[in-house]
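Visitor: One structure follows; several queries about it will come next.
The values are calculated or read from the model by the stated rules, or taken from the named source; none is laboratory data. All of these numbers come straight from a predicted model, not from anything done at the bench. With ideal geometry, Cβ positions are generated from the backbone for all residues, glycine too; neighbour counts draw on all protein chains shown. Just so you know, the surface numbers come from the protein's heavy atoms only, side chains and all, with ligands and any DNA or RNA stripped out. Shrake-Rupley method; radii C 1.70, N 1.55, O 1.52, S 1.80 Å.
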Amino acid sequence: RSTPIWLSLKPILFSGMRYLLTLFTLSVLLLAGACKKGFEGERNPLSPPETFMAIDTIFRTGENRLTTTVTANWWATSKGGFIKGYEVSVDNGSSWKYTTAQDSTFLLDIPPGKDTADVIILVRAIDNLGQSDPTPASSLFPVKNSAPTVSFVFSQVIAGIPSSNPTNVFPVIRYSITGIDPDGETLQNYELFINDTNGTPFILPGSTTSFMLVSENPKSDSSTCSVFVGNASKALDEKISFIRQGTFNTIYIRAVDKALSKSKFSAAPRIWVKKQSSDVLFINAYNTSKNFVQNFYLQRLAALGVNKVDTMQATEVISSNYTQLQPDVLTQTRTFALFKKIIWVGDDASFTLSLGQRSTASFFDAGGKMYLAVSINSSFDPLSNFLDWTPIRNLVNPPSGSVFRVDNNAIVNPVNPKWPRIKSSQIIPSARPFELPEATPTVGFDSLYAGGIIESKAGQSPAPWTGKSTVIAKRWSKSNNQTNFVISSIPLERFNANNNMDSVFKEIFINQLGF
């Protein structure tokens, strides 16, 4: 029987399968051997990153040098790893700052006293294994110092309110300044001069934004000045020389940066500095009839022997600017503190009382004495705190629908019958009587004049006001029994119909206030 063909081929098939199995086994063994060698061998470390900068060196000289603010760019490569960040140094590697950025703007330092410098910026990359480039990339920047600038800053008109840049002041002067170093550094200092820039400069700190000059001898022709920086209560140790009093002065300033480069001089508009002639200041805060009122008071005072009186025009405005009002409360406070006695008259209660409240504390603390006469019209807010510093506790308000006024030839009676009665010479359309504060263990308050007030109501005949009607009062100290404040809500210049105002002035200014 013939043998099937597949049986005759069996030895050959099995022989081929054994051969293929042998080849497969050898391949697996070889592959296994190769993998084992790779795990058991030593790992080749990754190379550290390599850092590059866009520019190696910038060649510039003289005025073509760069400013101290420069921009640098960089990048890096890593074989087998990746770049995690960079470290940058601008002080030759003494310190490094980490960043993930690939560019930045730098403010480069120039050594003090030098105008130029060649500054090298170093950058080294750091990879994911913490390796840093051992050979940092670098760029050299030739830079030059830029001169600083300084200018005076002046008050501006706001919402129709005049600016306060005085052109005529007693020897207390304040200026605001702004200094800029284009190199971005803090200024080293400022150099201050009065009238002569060839003299020795007075040094102000580089952080100064305002300063005040206060005369040491305001009654002399010239004087050294104490210098206050900002709102400091204590002056700098050094004094500045010399301010001229009774004439014009010009203040100069220049800035000095840390490279000792100096700005151009900046000059403030020249200012008339008054020479103080007395211890008495007359403040004219009238908006109308200024000359009439001032002459009335000064003539009465002269008749009593008070011949030397300094004056201040508190409401004088030229080109929308107060010419004699100080630019801030602190400067006005130190101005008033130059005097021992103040006579203050005005026709705007809000202006006068608010300014007085904020600027007379030092004057009174030093034992100053004041007479204040101000018209208080119906628009004045009776709830304002502008009266807190005066011998007035509350204003007396007229009944609903009524107004207070003083008629022509109205009589106002003194509380002390030995004092003269006064009579109005015209109608006073707005008159406000007031109430006195309660006495304290140290301070007393007394009414000096009352009456003369008419209540007027539409459709009814005017009638004398029968309520509280004090119009002149005083505040006095119980420790020495001396009056330090007399206030009047009626204008005395309109109450001389009896021609006896000289006698009234003697009682108020001589017997009460001790002028």
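Visitor: Scan the stretch 421-431 for residues that are buried (at least 16 other Cβ atoms within 10 Å of the Cβ) and polar (S, T, N, Q) and jot them down.
Guide: Across the stretch 421-431, the qualifying residues are SER424, SER425, SER430.
Visitor: Can I ask one more? Does the stretch 100-110 hold any residues that are surrounded by fewer than 11 Cβ atoms within 10 Å (Cβ to Cβ) and in a loop (DSSP other than H, G, I, E, B), and which are they?
Guide: Matches in the stretch 100-110: THR100, ALA101.
Visitor: Only one residue in SER447, SER461, SER456, SER430 is over 24 Å from GLY368 (Cα atoms), of a type outside the set (Asp, Glu) and in a strand (DSSP E or B). Which one?
Guide: SER456
Visitor: OK, next. Go through (1) within 25 Å of GLY356 (Cβ to Cβ); (2) open to solvent by 60 Å² or more (accessible area, probe 1.4 Å); (3) at pLDDT 95 or above; (4) over 39 Å from the mean Cα position of the chain (by Cα) and name the single condition LEU448 misses.
Guide: Condition not satisfied by LEU448: (2).
Visitor: Test of understanding: among SER163, SER151, which residue is out of contact with any Phe, Trp or Tyr (no Cβ under 9 Å at 6 or more places or on another chain), touching a residue at least 12 places away in the same chain (Cβ under 8 Å), under 30 Å from VAL214 (Cβ atoms) and of a type in the set (Gly, Ala, Ser)?
Guide: SER151
Visitor: Looking at (1) open to solvent by less than 30 Å² (accessible area, probe 1.4 Å); (2) free of Cβ contacts under 8 Å to residues at least 24 places away in the same chain, find the lone condition where ILE243 falls short.
Guide: (2)
Visitor: Could you tell me which of the residues ALA463, ALA473 is of a type in the set (A, V, I, L, M), under 30 Å from GLY401 (Cα atoms) and buried (at least 20 other Cβ atoms within 10 Å of the Cβ)?
Guide: ALA473
Visitor: If the requirement is being at pLDDT below 95, out of contact with any Pro (no Cβ under 7 Å at 6 or more places or on another chain) and of a type in the set (Val, Ile, Thr), which of these qualifies: VAL157, VAL169, VAL119?
Guide: Residue meeting the stated conditions: VAL119.
Visitor: Shifting gears a bit: Restricting to strands (runs of 3 or more DSSP E) lying wholly in the stretch 268-371: which have 1 or more residues that are open to solvent by 30 Å² or more (accessible area, probe 1.4 Å)?
Guide: 271-273, 310-313, 341-346
Visitor: Of everything in the stretch 279-292 that's of a type in the set (A, V, I, L, M, F, W, C) and touching a strand residue (DSSP E or B) at 6+ places or on another chain (Cβ under 6 Å), which residue is farthest from PHE336 (Cα to Cα)?
Guide: Step by step, filter the stretch 279-292, then rank; the result is ALA285.
Visitor: Moving on to the next point. Consider ILE376 carefully, then state whether it is at pLDDT 95 or above, of a type in the set (Val, Ile, Thr), in contact with a helix residue (DSSP H, G or I) (Cβ under 9 Å, 6 or more places away or on another chain) and surrounded by 23 or more Cβ atoms within 10 Å (Cβ to Cβ).
Guide: No; evaluated as a whole, the condition is false for this residue.
Visitor: Could I ask something else about it? Restricting the stretch 63-99 to residues that are over 40 Å from the mean Cα position of the chain (by Cα) and β-branched (Val, Ile, Thr), which is least open to solvent (accessible area, probe 1.4 Å)?
Guide: The extreme case among them is ILE83.
Visitor: Sort through ALA259, ALA255 and tell me the only one that's open to solvent by less than 30 Å² (accessible area, probe 1.4 Å), touching a residue at least 60 places away in the same chain (Cβ under 8 Å) and part of a strand (DSSP E or B).
Guide: From the options ALA259, ALA255, the qualifying one is ALA255.
Visitor: Can I ask one more? Taking the stated definitions as given, is ASP237 in a loop (DSSP other than H, G, I, E, B) and open to solvent by 10 Å² or more (accessible area, probe 1.4 Å)?
Guide: yes
Visitor: Here's something else I'd like to know. Of all residues in the stretch 177-201, which are of a type outside the set (A, V, I, L, M, F, W, C), within 24 Å of GLN245 (Cα to Cα), touching a residue at least 60 places away in the same chain (Cβ under 8 Å) and buried (at least 16 other Cβ atoms within 10 Å of the Cβ)?
Guide: Across the stretch 177-201, the qualifying residue is only GLU191.
Visitor: Can you tell which of PHE404, PHE434, PHE386 is aromatic (Phe, Trp, Tyr), crowded, with 18+ Cβ neighbours inside 10 Å and free of Cβ contacts under 8 Å to residues at least 40 places away in the same chain?
Guide: Checking each option against the conditions leaves just PHE386.
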